Amino acid sequence: VFSQDEYLLTVNVDGQGSVDVDPEQSTYHYGDEVTLTANADPGWTFSGWTGDLVSISNPLIVTIHSSLTLTATITQDEYSVAIAISGDGSVSKDPNQDTYHYGDEVVLYATPDPGWIFDYWAGDLSGTANPATLTVLRDTSVVAAFDQEDYTLTVNVIGNGSVSKEPNQVTYHYGD
């Protein structure tokens with residue numbers, strides 16, 4: 001009486017995601033082919049297989065010749081938050097980091113220079129809230145728009161005479 005050897009296939013995940021095993025069985029026989037497909041969660045990327053086989057193929061077709069242990073390595077993506085300025089002012093980020101991960105929240109504070117006011121956010125963030133909270137889902141570009149404040153100059157004459165303004169404008173800007 002002969003019986004066929006049975007082999008185990010152990011699949012682990014290092015990172016955030018899952019692995020589809022087709023066919024999924026408790027044991028396998030010599031020569032069976034199994035397809036392994038790594039699925040990364042949002043904000044994560046499959047980077048390769050390690051263990052008894054090393055590969056970057058996805059899906060990976062494995063031919064069973066012995067019991068195997070494989071690990072799908074899934075690495076967390078890093079995203080940038082780029083800030084551009086329209087007008088005169090600055091923007092600070094909290095937390096202030098070079099890169100962020102999927103789902104991180106970043107609070108942006110727009111600070112106008114003297115004579116300027118914060119107007120609105122553009123790009124991957126919209127609205128006029130200041131500070132504003134940005135949820136990072138990819139590389140992100142935000143524009144902070146600042147407008148010059150308009151000032152009026154009112155001249156009152158007491159007594160007889162007149163005053164002329166040069167330049168004679170309805171409004172002026174900081175530093176005019």
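The values are calculated or read from the model by the stated rules, or taken from the named source; none is laboratory data. Quantities reported herein were computed from a predicted structural model and do not represent experimental measurements. As a convention, Cβ positions derive from the backbone with ideal geometry for all residues, glycine included, and neighbour counts pool all protein chains shown. Remember, those area values only see protein heavy atoms, side chains included, never the ligands or the DNA or RNA. Shrake-Rupley method; radii C 1.70, N 1.55, O 1.52, S 1.80 Å.
Between residue 124 and 141, 142, 143, the built amide H atoms are under 5 Å apart, and every one of these is 5 or more places off in sequence or on another chain. With a Förster radius of 30 Å applied to the beta-carbon distance between residue 154 and residue 88, the computed FRET efficiency rounds to 0.75. Per-atom-type breakdown for segment 39-86 gives carbon and sulfur 54% of the accessible area (1.4 Å probe, protein chains only). Of the residues 60, 106, 85, the one whose Cα sits farthest towards the positive end of the charge dipole of segment 33-110 is 60 (charges of +1 on Lys and Arg Cβ, -1 on Asp and Glu Cβ, taken about the Cα centre). Here the chain is treated with +1 on each Lys and Arg Cβ and -1 on each Asp and Glu Cβ, and its dipole about the Cα centre works out to around 520 debye.
What does the charge count near residue 31 come to, summing +1 for each Lys or Arg and -1 for each Asp or Glu among other residues with Cβ under 15 Å from its Cβ?
-4
Restricted to Cα atoms, segment 37-176 shows a radius of gyration and a Dmax of 28.0, 109 angstrom. Restriction of the chymotrypsin sites (Phe, Trp or Tyr not before Pro) in segment 17-46 to DSSP coil positions whose beta-carbon has at most 13 other beta-carbons within 10 angstrom yields 30. For segment 1-45, averaging the sequence separation of C-alpha pairs within contact (under 8 Å, six or more residues apart) and dividing by the residue count gives a relative contact order of 43 percent. Charge tally around residue 47: other residues with Cβ under 15 Å, Lys/Arg +1 each, Asp/Glu -1 each, net -4. Largest to smallest in accessible area, the residues 21, 34, 54 fall in the order 54, 21, 34 (1.4 Å probe, all protein chains included). Annotation: amide H-H contacts under 5 Å for residue 116 (H modelled 1.01 Å from N, sequence separation of 5 or more, or interchain): 149. For the chain, a Gaussian network of Cα nodes joined below 10 Å ranks 137, 153, 125 by mean-square fluctuation, and the top entry is 153. May I ask for the distance between the Cα centers of segment 52-113 and segment 130-173, given as a whole number of Å? Comparing the Cα centres of segment 52-113 and segment 130-173, I get a distance of 40 Å. Going 7 Å from the Cα of residue 96 in the Cα-to-Cβ direction, what parts of segment 119-142 have a backbone nitrogen less than 20 Å from that spot? It comes to 130-136, 140-142, nothing else.
Segment 18-116: which GluC sites (Glu not before Pro) are DSSP loop and have at most 16 other beta-carbon atoms within 10 angstrom?
Passing sites in segment 18-116 are 24, 78.
Using the Karplus relation 6.51 cos²θ - 1.76 cosθ + 1.60 with θ = phi - 60°, the per-residue 3J(HN,Hα) values for segment 77-83 come to 6, 10, 10, 9, 10, 9, 10 Hz, with x marking Gly and Pro. Measuring with a 1.4 angstrom probe and ignoring ligands and nucleic acids, residue 154 comes out at about 100 Å² accessible. Most simply put, segment 77-176 has about 75% antiparallel DSSP beta bridges, counting only bridges with both residues inside it. Each residue of segment 49-66 is assigned a 3J(HN,Hα), and the resulting list reads 9, 10, x, 6, 10, 10, 7, 10, 5, 8, x, 10, 9, 10, 9, 6, 10, 6 Hz, derived from the Karplus form 6.51 cos²θ - 1.76 cosθ + 1.60 (θ = phi - 60°), x at Gly and Pro. Annotation: amide H-H contacts under 5 Å for residue 146 (H modelled 1.01 Å from N, sequence separation of 5 or more, or interchain): 86, 87, 88, 119.
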